[in-house]
1. List every residue pair whose Cβ atoms lie under 9 Å apart, where the two residues are 6 or more positions apart in sequence or sit on different chains, the first residue falls within the range 9-37 and is of a type in the set (Asp, Glu), and the second residue, located anywhere, is at pLDDT 95 or above.
2. May I ask you to say which residue of VAL217, VAL241 is touching a Phe, Trp or Tyr at 6+ places or on another chain (Cβ under 7 Å), part of a strand (DSSP E or B) and under 15 Å from VAL185 (Cα atoms)?
3. Within the range 215-248, track down each residue that is in contact with a Ser or Thr (Cβ under 9 Å, 6 or more places away or on another chain) and farther than 24 Å from GLY83 by Cα.
4. Starting from the range 163-180, take each residue that is not assigned by TED's automatic domain parsing to the domain that holds SER213 and surrounded by 15 or more Cβ atoms within 10 Å (Cβ to Cβ) and list its partners that are outside any helix (DSSP H, G or I) and modelled with pLDDT of 95 or more, counting only C-beta distances under 7 angstrom and pairs at least six apart or across chains.
5. Would you tally the residues in the range 21-48 being at pLDDT 95 or above and part of a loop (DSSP other than H, G, I, E, B)?
6. Scanning the range 71-128 for residues that are in contact with a Cys (Cβ under 9 Å, 6 or more places away or on another chain) and among the aromatic types (Phe, Trp, Tyr), which turns out surrounded by the most Cβ atoms within 10 Å (Cβ to Cβ)?
7. Just the residues that are of a type in the set (Gly, Ala, Ser), in a helix (DSSP H, G or I) and within 25 Å of ALA155 (Cβ to Cβ), please, taken from the range 110-144.
8. So is VAL217 over 26 Å from ALA169 (Cβ atoms), surrounded by 19 or more Cβ atoms within 10 Å (Cβ to Cβ) and touching a residue at least 40 places away in the same chain (Cβ under 8 Å) or not?
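The values are calculated or read from the model by the stated rules, or taken from the named source; none is laboratory data. Nothing here was measured: the structure is a model prediction, and the numbers come from that model. Here Cβ is always computed from backbone atoms with ideal geometry, including for glycine, and neighbour counts include all displayed protein chains.
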Amino acid sequence: MGALHAGHLALINRAKADQCSVLVTIYVNPTQFNRPEDLSAYPQDHEGDLALLRTSAADAVWFPRNEDLYPNGVLSQEFDLDGLDLRLEGALRPGHFQGVTTVVDRLFDWSRADRAYFGLKDFQQVAVVKKLAALRGGIPEIVACPTQRDADGLALSSRNRLLTPAMRASAPFIYRALRWAAQEVAEFPVPARGLKRELRSEIERWPGLKVESIEFVFADTLEPLSDLERPVDRYGRDVQVLVSVYAGEVRLIDNSPLYLYRA
C-alpha cells in the first residue's frame, strides 16, 4: 500500500533472485479499512516511493485508481476463506480480510502474475492470501518471506512513520517481549494462560504501549490453543504468537514463533 521501506525492497530482491520480472503495485485499498479515520491517516508518499523504486530491482510500478479495481463501486466481494477471515485480526477488524482478498484477487487478475511475494509480518494475511490462491486454482504461487526488522528489532511497517520519537523508542520492546516469551517456553513448562498474562505485562511495562490482543495459535491452521492450562510445548505442534499493540495512537502488529516442535 505504499510508504515503501526496506521490507518492501526485500520482497523485490527476493523476486528478482527467483529470476522474476517484478511488478510493484501501490494502492491504499479502502475496503480493508473498517474505520474511516485509519484510511485517511494511512501514510502515502508516491514521489518518495517512486524515488526508492528507481534504485531497486523492480521492473515496473502501477498505481491503480479506484475505478480500475472497483468499476462497479468500492465494495468487497465475499470469499469462502474457511473462517480465516473471522478469527484473530479478522475478529478485531470485521470485514478486513474480505477487503484484502477482494483487492488482491483483482490485482492478480490485472497483473496475471505467476508468483506473488508477501511478508510474514502479516502472518494471518499470508494464510488468507494462500487460501485465495487455492480458490484460484493455485495461481499465483504465494511466496512467504521473512519479516524484516530494524536493528533494534522493530518490525518494518509503513505505520512506523506515524510513531512519535517517544513511541519509536518503546516500540522495539514488543518484539523483545515476544522473544522473551519464547525463551520462557524453552526453559519452563509454562501454562499458556499464565504466559499470556506475563507477556502482556512484559509489553505494557514500557511507556505508551497498550496491548490490544495476544493470541497463541497453531502455526499451520491459525486455530487457537485448545487448553490454556496446558504448557505451550505439550501439543506436539508449532505454535505462533500474534500480537496487536497500540504505541500511543498507532496500532502495530507483530508475531513470532513461540514454540517449534521437534519430532
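1. ASP18/ARG115; ASP18/TYR117; ASP18/VAL143
2. On the way: VAL217 fails: touching a Phe, Trp or Tyr at 6+ places or on another chain (Cβ under 7 Å).
The match here is VAL241.
3. Correct list: ALA247, GLY248.
4. Here the result reads none, with nothing in the range 163-180 linked to a residue that is outside any helix (DSSP H, G or I) and modelled with pLDDT of 95 or more.
5. Qualifying residue count for the region: 6.
6. Once the filter is applied, the top-ranked residue is TYR117.
7. Narrowing the range 110-144 to residues of a type in the set (Gly, Ala, Ser): 111, 113, 116, 119, 127, 133-134, 137-138, 144.
Applying the additional criterion that residues be in a helix (DSSP H, G or I) yields 111, 127, 133-134.
The answer is ALA127, ALA133.
8. Working: over 26 Å from ALA169 (Cβ atoms): yes; surrounded by 19 or more Cβ atoms within 10 Å (Cβ to Cβ): yes; touching a residue at least 40 places away in the same chain (Cβ under 8 Å): yes.
Taking the combined requirement at face value, the residue satisfies it.
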